[in-house]
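Following: one structure in structure tokens, then a few remarks.
The values are calculated or read from the model by the stated rules, or taken from the named source; none is laboratory data. All of these numbers come straight from a predicted model, not from anything done at the bench. Cβ placement follows ideal geometry from the backbone for every residue including glycine, while neighbour counts extend to all protein chains displayed.
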Amino acid sequence: MKEKKQGITVKKEQDFAEWYSQVCLKSELADYGAVKGTMIIRPRGFAIWKAIQNYFDKNIVEKTNTKNAYFPLFVPEQFFKKEAGHAQGFSPEVAWLDKSLTQGEHIAIRPTSETIVYDSYSKWIRSHRDLPFKINQWCNVVRWETQATKLFIRSREFLWQEGHCVYETKEQCKKDTINYIKLYEKLCRELLAIPVLIGEKTEKEKFAGAEKTYTIEAFMPDGKALQCGTTHELGQGFAKAFNISFLDKNEKQQTPWQNSWGLSTRLIGAVIMLHSDDKGLILPPKVAENKIVIVPIGEDKKVMKKAEEIKKSLLSLNPILDNRKEYSPGWKFNEWELKGIPIRIEIGPRDLEKKQAIIVRRDNNEKKPIKLTSLKKTINTELKKMQEELFEKAKKQLEKNIIKANNFKELVKGIKEKKIIQSNFCGYANCEDEIKEKTKGATTRCILFGSKAKKKKCINCKKDAKYSVYFSKSY
């Protein structure tokens, strides 16, 4: 069989958008759907999502006494109308079913599930003994108004989780809402090796219908921020709109406090953009379905037998044994580098004589001869080191790209240089609009927790600044 060239044909630094698309497609993570704006998540990509789900259910759902459930895809129009701010915020993105199919009823495909969930909560919650009431669901959502499709990052339909909780007091709600965003940060750090900025959204950038929104923001190599997860203090607005109430300990009727929180498959996009290189995909070992590929050199029967033995000894790492005869070792090396297998094991006749194998880490391409007797221990050590070093590398890159601006000229310069700019801000939406226009696209990403700007002036309008924020362009 003739070997075909299948590698990445553009460099990450020269054409980031094309590079990213090629990595997604050629590493077999995703493909474009037949309907404009849609994407297909292929098995290799879905395995990453499954790893995120498994971590999330174990470390967030279970540890916060949240329960998984599922709610309908279809939302009646009357539900949207009940919470005015929510309806207004989502109206441009909502996809509606044709009335000829619904007997005249106006039914939406969910862009988010607050309204459909809270209608049920109004029937299920009766007493303070029912609270806190915490449910999470894994589902798809549809947001029809979108720009050009970018696999995992921007599509009309995507997968996510969304949590919806109800509390007796505002204090309980606030504490949990902040706790969830901190758990999101931990997921990004521990599982995906992604460092993030964590903080509160400005009034203009907060979720439609929320009193406060908290966010984690990653920073991509092309100079754009990527919102990776948000949690929202919803106050009592939705509870009042959907008649959710409970009897307190004194048998008095009370209105509860609510939050919602979510992250999506765009986390996969963040992993790809942040860690991968000109050879293709690089995955943090914790989310790689196959952590090892074994490539025998030559067709020596003793080598093949030893390769099989190595595979059996490393079954917990879900190894691939590539013993295809129609491809050369070099071609196989390139293929598995493209697909992001964290560690490659090479073994040939000379290695067998020396009772060793060669291991190659995907992120640094270093080759190491390892004695067969210590192969398993060394590989587990290298996988751990790779996970940690990917995070440290990304963290240094993030820190290097944060700069402070003392005046508007420095802000504009920093945005042109594709940096994250820390500066003082008044908090007014019209001023935020001006900054976006003047910088050709920069927005506030978040207000860091505890941030204050006493006796400082806004970088744009020169009014008193309320806090220090991060500005950058974003996805």
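Quick rundown of the values:
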{"quantity": "Residues of segment 229-271 classified as of a type outside the set (A, V, I, L, M), surrounded by fewer than 18 Cβ atoms within 10 Å (Cβ to Cβ) and part of a strand (DSSP E or B), total", "calculated": "2"}
{"quantity": "Some residue of segment 364-376 being more than 22 Å from Ile8 (Cα to Cα), touching a residue at least 12 places away in the same chain (Cβ under 8 Å) and of a type in the set (Ser, Thr, Tyr)", "calculated": "yes"}
{"quantity": "Scan of segment 117-154 for residues that are among the charged types (D, E, K, R) and free of Cβ contacts under 8 Å to residues at least 12 places away in the same chain, ordered by number", "calculated": "Lys123, Arg129"}
{"quantity": "Some residue of segment 347-357 being of a type in the set (S, T, N, Q), surrounded by fewer than 18 Cβ atoms within 10 Å (Cβ to Cβ) and not assigned by TED's automatic domain parsing to the domain that holds Tyr470", "calculated": "no"}
{"quantity": "Flag if Glu157 is touching a residue at least 24 places away in the same chain (Cβ under 8 Å), within 24 Å of Glu62 (Cβ to Cβ) and of a type in the set (D, E, K, R)", "calculated": "no"}
{"quantity": "Residue ID - farthest from the chain's Cα centre (by Cα), chosen from residues in segment 322-341 that are part of a loop (DSSP other than H, G, I, E, B) and surrounded by 17 or more Cβ atoms within 10 Å (Cβ to Cβ)", "calculated": "Asp322"}
{"quantity": "Ala241 being of a type in the set (A, V, I, L, M) and more than 15 Å from the chain's Cα centre (by Cα)", "calculated": "yes"}
{"quantity": "Options Val61, Val75: the member that is within 17 Å of Cys165 (Cβ to Cβ) and among the β-branched types (Val, Ile, Thr)", "calculated": "Val61"}
{"quantity": "Residue list for segment 98-116, restricted to those being out of contact with any Asp or Glu (no Cβ under 8 Å at 6 or more places or on another chain), at negative phi and free of Cβ contacts under 8 Å to residues at least 24 places away in the same chain", "calculated": "Asp98, Ser100, Leu101, Thr102"}
{"quantity": "Residue, nearest to Val142 (Cα to Cα), within segment 106-128, restricted to residues that are hydroxyl-bearing (Ser, Thr, Tyr) and more than 23 Å from the chain's Cα centre (by Cα)", "calculated": "Thr115"}
{"quantity": "Spans of strands (runs of 3 or more DSSP E) in segment 130-228 with at least 3 residues in contact with a Leu (Cβ under 6 Å, 6 or more places away or on another chain)", "calculated": "212-219"}
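This table checks each residue for (1) over 30 Å from Lys186 (Cβ atoms); (2) assigned by TED's automatic domain parsing to the domain that holds Ile294.
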| residue | (1), (2) |
| --- | --- |
| Arg361 | no, yes |
| Ile370 | yes, yes |
| Leu375 | yes, yes |
| Lys396 | no, no |
| Lys413 | yes, no |
| Lys419 | no, no |
| Ala442 | no, no |
| Ser451 | no, no |
| Lys454 | yes, no |
